[in-house]
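The values are calculated or read from the model by the stated rules, or taken from the named source; none is laboratory data. No experiment lies behind these values; they were computed from the predicted model shown. Cβ sites come from the backbone with ideal geometry, for glycine too, and all protein chains shown count toward neighbours. Note: areas computed on protein heavy atoms with side chains; ligands, DNA, RNA excluded. Shrake-Rupley method; radii C 1.70, N 1.55, O 1.52, S 1.80 Å.
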Amino acid sequence: MSVFLLFTQICISQAVNVNQLLMDGEKAFVENDFLLAKEIYIKAVNLDMKNKHCWFNLAVSELKLEEKDNACEHFYQAYLLNDGEALKVIKENCPNFRNGEIMSIEDVEEKPKFIYKEEEYLLFEKNGINRRYIDLLRRKFRGSKILCENLKGQIYIQFTISKDNFLDIKVLRVFEEKKREVVRKEIDSILNNMVVYVSAKNNGLNVDLWEKWTLPVTF
């Protein structure tokens, strides 16, 4: 599999010096000076650790230098920042990443579940998230005074289920900064307390999943 750099898209909100480092790194990479590119991208990462392009391009440079372990970890950092291309590269180049503690839902022996009123259900069905789970979630959201007071319109909830039997949640599109943390905490509390989660298992051991699921929620 050929891996290419994600070339810089200049954004007004990004720091000018990070953009310059990304462009300098691209130049070094194109000239096959992968060691210099790596050094430049390390500087970029240190300046902006939430920039997925910095992590991805650092990882590509390390892959070219045959530093696979470092590259896999840094692709993973890009993936955590919602870089879908990074996940493809990890699956292709890091088949036993973190000793198989993170797997695809298609490959695990036991799919994740949830327990509600002592009944156990699959969290995900063929057509997506279990409808019983979604209906329960809607009722909980409608009953939340905090969400009703702080949200208007549509938001997106992105989550994955961890090997520790809880949901790792991100709330997308809450535009007012003051409301963002209040909303995130309330949604986190609702999702992680309304049912008991049972993580995916492989060879009898709990595993994390690569997949992330997104739920649109309208208020």
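Is it true that Val60 is in a helix (DSSP H, G or I) and in contact with a Cys (Cβ under 6 Å, 6 or more places away or on another chain)? Quick ask: steps written out before the conclusion?
Values: in a helix (DSSP H, G or I): yes; in contact with a Cys (Cβ under 6 Å, 6 or more places away or on another chain): no.
Answer is no for this residue.
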(Q) Residue pairs, Cβ under 8 Å, 6 or more apart or interchain, first in region 60-80 and at negative phi and open to solvent by 60 Å² or more (accessible area, probe 1.4 Å), second modelled with pLDDT under 95 and outside any helix (DSSP H, G or I). List them. (A) Lys68/Cys94
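Quick grid of which residues meet (1) over 27 Å from Asp83 (Cβ atoms); (2) part of a helix (DSSP H, G or I); (3) of a type in the set (D, E, K, R):
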position	(1), (2), (3)
Asn165	no, no, no
Glu181	no, yes, yes
Asp188	no, yes, yes
Leu191	no, yes, no
Pro216	no, no, no
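Yes/no matrix, rows are residues, columns are (1) assigned to a loop (DSSP other than H, G, I, E, B); (2) among the β-branched types (Val, Ile, Thr); (3) farther than 30 Å from Leu136 by Cα:
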| residue | (1), (2), (3) |
| --- | --- |
| Asn82 | yes, no, no |
| Ala86 | no, no, yes |
| Val89 | no, yes, yes |
| Pro95 | yes, no, yes |
| Arg98 | no, no, yes |
| Ile105 | yes, yes, no |
| Val108 | yes, yes, no |
| Phe114 | no, no, no |
| Glu120 | no, no, no |
(Q) With the structure loaded, tell me whether Phe114 is modelled with pLDDT of 95 or more, touching a strand residue (DSSP E or B) at 6+ places or on another chain (Cβ under 8 Å) and open to solvent by less than 60 Å² (accessible area, probe 1.4 Å) or whether it fails that test. (A) yes
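Criterion first (closer than 21 Å to Ser199 by Cβ, touching a strand residue (DSSP E or B) at 6+ places or on another chain (Cβ under 6 Å), crowded, with 17+ Cβ neighbours inside 10 Å and not basic (Lys, Arg)) does Leu87 satisfy it? Even if it seems obvious, please write down each step before you answer.
Working: closer than 21 Å to Ser199 by Cβ: yes; touching a strand residue (DSSP E or B) at 6+ places or on another chain (Cβ under 6 Å): no; crowded, with 17+ Cβ neighbours inside 10 Å: yes; not basic (Lys, Arg): yes.
In short, no.
Among Glu92, Glu101, which is the only one that is over 26 Å from Val196 (Cβ atoms) and of a type outside the set (Phe, Trp, Tyr)?
Glu92
Just to verify a result, which residue in region 38-59, among those that are among the aromatic types (Phe, Trp, Tyr) and open to solvent by less than 20 Å² (accessible area, probe 1.4 Å), is nearest to Gln20 (Cα to Cα)? Step through it out loud before you land on a result.
Here is the first cut: in region 38-59, the residues among the aromatic types (Phe, Trp, Tyr) are 41, 55-56.
If we keep only those that are open to solvent by less than 20 Å² (accessible area, probe 1.4 Å) as well, we get 41, 56.
Numbers: Tyr41: 11, Phe56: 16 Å.
Filtering first and then ranking leaves Tyr41.
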Q: Please find, within region 148-195, the residue that is farthest from Phe124 (Cα to Cα) out of those that are aromatic (Phe, Trp, Tyr) and either open to solvent by less than 20 Å² (accessible area, probe 1.4 Å) or more than 19 Å from the chain's Cα centre (by Cα) (or both).
A: Phe175
